[in-house]
Number of protein chains: 2
Amino acid sequence: MTARLVAVYHVRTDAASIETRAQAIAVEQSVEMPLDAIEEPDVLRDIVGEVQAIEPIADGIFAVRVGLAPATIGSDAAQMLNMLFGNTSLHDDVVLHDIVLPPALAATFGGPGHGIAGLRSRLGAERRALTCSALKPQGLSPERLGALAEQFARGALDYIKDDHGLADQDYSRFADRIRACVAGIARAREATGHPTRYVPSLSGDLNAMRRQLASACAQGIDCAMVAPMIAGFANIQALRREYPDIALFAHPSLGGAARIAPELLIGRLFPLIGADAVIFPNFGGRFGYSPETCRALADNARTPPDGQRPSLPVPAGGMTVQRVPELLDFYGPDAMLLIGGNLLSARTQLTEASAAFTRAVAAHQYRVRSWT
Amino acid sequence: MTARLVAVYHVRTDAASIETRAQAIAVEQSVEMPLDAIEEPDVLRDIVGEVQAIEPIADGIFAVRVGLAPATIGSDAAQMLNMLFGNTSLHDDVVLHDIVLPPALAATFGGPGHGIAGLRSRLGAERRALTCSALKPQGLSPERLGALAEQFARGALDYIKDDHGLADQDYSRFADRIRACVAGIARAREATGHPTRYVPSLSGDLNAMRRQLASACAQGIDCAMVAPMIAGFANIQALRREYPDIALFAHPSLGGAARIAPELLIGRLFPLIGADAVIFPNFGGRFGYSPETCRALADNARTPPDGQRPSLPVPAGGMTVQRVPELLDFYGPDAMLLIGGNLLSARTQLTEASAAFTRAVAAHQYRVRSWT
């Protein structure tokens with residue numbers, strides 16, 4: 001029998017009920033029917049989820065380890081999500097907290113195709129933290145976005161990504177936007193000598209994303225952003241397979257809604273299906289993730305237990321240039337800081353604000369010994 | 001200016017904070033940057049989300065109506081989800097509770113292609129409630145699944161669907177399963193004269209789902225099941241466009257995890273993107289939805305406010321044949337009852353149990369006047 005995929009659920013219930021509840025989850029996430037109606041001994045032995053451990057972790061909260069059969073998943077990343085949390089997501093007393101992948105299953109998904117090293121080598125930045133900003137707001141014309149991209153890039157940012165709301169809208173078609181942003185950044189690169197990269201956001205069904213990626217590739221782009229919870233895990237895997245030269249940034253859109261621990265969903269699962277960089281809401285900004293969650297998420301992304309390439313954590317969301325030293329001490333150099341609105345607020349001084357950001361990152365002296 | 005798409009959020013906060021919080025949501029779900037850094041008057045006027053109303057609805061809970069610009073969505077169903085709840089899903093104080101669609105946007109998505117009438121006409125059942133069961137467990141061979149399908153169908157069930165865990169696994173390839181189940185049901189149809197339909201579950205990326213659907217069509221299948229939260233909304237729309245003859249059943253897998261009200265997500269959004277039938281966890285079974293949630297969900301599916309075809313509610317999850325009268329009185333005849341495990345528990349008497357189920361539905365005398 002092959003090794004199980006272990007799902008760790010945190011279940012809110014009382015001590016008298018936890019064994020029954022744990023067993024119900026193991027059944028729900030596998031055969032989903034009364035066990036005494038199953039006639040086949042090999043289904044009972046090889047397919048039914050097995051409760052491997054139950055451990056109280058807080059008052060009325062238990063950690064439940066359930067072994068699931070990798071055979072039910074095959075090589076389909078969407079099916080992995082289905083088997084890990086499909087129906088159990090409909091119960092509000094359970095959080096999917098962690099997973100332990102058998103090596104063969106991890107190898108099937110492959111993880112980041114480029115990872116931290118690939119994102120660094122594109123920039124020739126081997127040790128320092130990387131910098132990123134976002135093209136906003138929604139509603140701008142391709143020309144305005146291209147001008148913004150140029151202003152950002154003149155400040156020598158490493159990566160300039162689309163806002164995740166930019167799709168293929170009437171007021172700014174994907175193809176036109178790409179062309180304008182590539183041109184704007186090319187002008188800036190000539191001036192700065194810095195190999196700033198553009199990261200367009202892909203949207204729509206798999207075919208639309210493919211068409212977008214093909215047109216991006218034709219213009220020399222080697223990075224793209226996707227939102228796995230919107231696009232569907234299986235489609236991210238398809239893009240990873242079909243466009244191996246593209247480094248994938250994962251956006252967390254719709255990700256916090258799921259009752260899947262962010263350090264698992266964003267820190268483990270997004271990299272597992274191919275995210276070279278994972279964008280997530282930083283603590284102390286517009287979102288409510290705690291420093292502990294952010295640290296666990298970043299550590300998960302950078303130190304995959306499955307022998308895959310490390311993925312780059314990209315804290316974002318209401319961050320300011322002022323916080324750069326604090327954030328670098330917190331995350332260390334294997335991170336990319338993404339500052340959007342705070343730079344855009346500089347308006348006509350956008351390039352200067354971007355340059356101040358990139359200088360602050362380059363000049364930072366780490367106060368945390370382990371980073372130096 | 002075109003009419004706005006209205007999103008109604010339920011926000012948990014205090015009276016002193018709600019205006020600021022509501023405005024922050026309107027910004028987050030549109031331009032996602034400080035408004036005073038936006039230079040373009042038409043972006044401020046046409047694109048930025050506008051708080052239309054704030055209403056206290058319970059102690060510390062407010063309903064916030066935000067008008068979003070349809071231009072940010074275009075015709076992309078995935079982008080609709082992104083703009084309705086992408087980043088706001090990352091905040092744990094907000095539930096997406098309801099939407100009001102401008103007619104043009106609703107028409108863009110199209111809703112069910114067949115709806116209740118189409119699901120009835122396939123069966124020649126014009127007034128009574130419909131019946132459904134599920135092929136389980138995971139891990140059976142195609143032959144065993146085909147034999148199960150035949151036993152079910154000999155009880156004259158209307159629809160027999162795959163368990164949503166059945167994908168394209170080594171132990172039961174999609175193509176082999178389809179062939180076996182179609183053959184099993186065909187034998188039963190010959191015996192019963194009842195036009196039982198098989199509803200295979202589609203899985204994988206868009207291309208895989210397409211291949212599966214093409215092979216199903218080639219065998220005369222005219223229904224399929226999809227899980228929109230796993231597959232991605234845009235891919236469901238692609239299938240709806242490309243396979244207009246297929247009636248689509250939506251499975252709620254991963255749907256309850258989102259902090260989107262089930263009556264909205266399953267009852268409105270799944271039909272909007274093309275679900276002819278929506279499967280959902282019934283009250284009093286294995287799942288925690290309340291009778292009120294189930295009623296609102298069913299009513300939403302059946303009475304779309306957008307002029308689209310009504311979608312058939314399919315309560316499921318731990319239901320028993322014993323509960324048929326109660327459930328029919330609750331849901332009325334415009335519903336399909338889905339009973340899986342309870343029938344499968346009859347083991348060698350599966351056909352008899354299925355027949356008892358279909359007879360109970362056919363013979364039911366409604367105690368609720370409005371249904372008769």
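The values are calculated or read from the model by the stated rules, or taken from the named source; none is laboratory data. Please read these numbers as outputs of a predicted model, since none were measured by experiment. Cβ placement follows ideal geometry from the backbone for every residue including glycine, while neighbour counts extend to all protein chains displayed. Only protein heavy atoms, including side chains, enter the accessible area calculation; ligands, DNA and RNA are left aside. Shrake-Rupley method; radii C 1.70, N 1.55, O 1.52, S 1.80 Å.
Below are the figures for this structure:
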item	result
Pairwise FRET efficiency - residue A:175 versus residue B:207, Cβ, R0 = 22 Å, nearest 0.05	0.45
Acute angle (nearest 10 degrees) that the helix A:142-154 long axis makes with the longest principal axis of chain A, alpha-carbon atoms	80
Reciprocal of mean inverse Cα separation for the protein assembly as shown (Kirkwood radius, Å)	26.4
On Cα atoms only, tilt of A:18-28 relative to the major axis of chain A in degrees	70
Estimated D of the range B:296-372 in µm² per second, where Rh is the Kirkwood radius over Cα pairs and Stokes-Einstein applies at 25 °C, 0.890 mPa s	181
Solvent-accessible surface (1.4 angstrom probe) belonging to residue A:136, in square angstrom, nearest 10	10
Surface accessible to a 1.4 Å probe, per residue, for the residues of the protein assembly as shown, Å²	34
Over the range A:182-234, volume per residue of the alpha carbon convex hull, in Å³	79
Spread of Cα-to-Cα distances over 5 Å intervals beginning at zero, given as percent, for the range B:214-372	2, 9, 17, 19, 19, 16, 12, 5, 1, 0
Taking N as its residue count, the alpha carbon Rg of the range B:195-308 over 2.2 N^0.38 Å	1.07
Rounded to the nearest 20 debye, dipole of the range B:1-116 from Cβ charges on Lys, Arg, Asp, Glu	400
Calculated label separations, residue B:193, copies of the chain, 7 Å along the beta-carbon direction, nm	8.9
Protein accessible area in the range A:240-370, 1.4 Å probe - carbon and sulfur %	50
Coarse-grained scattering of the range B:131-288 at q = 0.10, 0.12, 0.14 Å⁻¹, given as base-10 log I(q)/I(0) from a Debye sum over alpha-carbon atoms	-0.34, -0.49, -0.68
Sequence of A:194, B:251 when ordered by accessible area, the most exposed leading, probe 1.4 angstrom	A:194, B:251
Sequence-separation-based contact order of chain A, relative, with Cα cut under 8 Å and 6+ spacing, percent	17
Burial of 50 Å² or greater, the range A:117-147 residues [accessible area, probe 1.4 Å, versus chain by itself]	A:137, A:138
Average beta carbon contacts from partner chains per residue of A:194-207, 10 Å cutoff	4
Dipole-positive endmost among A:181, B:273, B:51 within the protein assembly as shown (Cβ charges, Cα centre)	A:181
Inverse of mean 1/r across different Cα pairs in the range B:151-203, Kirkwood, Å	11.4
Calculated on alpha-carbon atoms, Rg and Dmax of chain A in Å	21.9, 72
Relative contact order of the range A:117-231, pairs being alpha-carbon contacts under 8 Å that are 6 or more residues apart, as %	27
Within 10 Å of each Cβ in B:337-347, the average number of Cβ atoms from other chains	3
Debye intensity ratio in log₁₀ form over the Cα atoms of the range B:234-291, taken at each q of 0.18, 0.30, 0.31 Å⁻¹	-0.64, -1.31, -1.36
Sulfur and carbon atoms: percent of accessible area, the range A:30-138 [1.4 Å]	53
Residue A:143 accessible area, 1.4 Å probe, all protein chains in place, Å² to nearest 10	130
Largest-first ellipsoid semi-axes for the range B:47-101, taking √(5λ) over the Cα gyration tensor eigenvalues, angstrom	22, 13, 9
Average partner coverage of A:3-16, which counts Cβ from other chains inside 10 Å	0
Chain-alone versus full-assembly comparison, the range B:283-330, residues with accessible loss of at least 50 Å² (1.4 Å probe)	B:286, B:287
Distances in nm from residue B:299 to the matching label points in the other copies, shortest first (labels 7 Å along Cα to Cβ)	4.9
Expected-Rg normalisation [2.2 N^0.38 Å, Cα atoms] applied to the range B:1-120	1.16
Nearest-ten-degree value, helix A:291-302 long axis tilted from longest Cα axis of chain A	90
Three semi-axes of the equivalent ellipsoid, the range A:82-143, Cα gyration tensor, whole Å, largest first	34, 24, 12
Pseudo-label separations to other copies for residue B:124 - Cα-to-Cβ vector, 7 Å, nm	7.7
Accessible surface buried upon B-A contact (total; probe 1.4 Å; Å², nearest 100)	5800
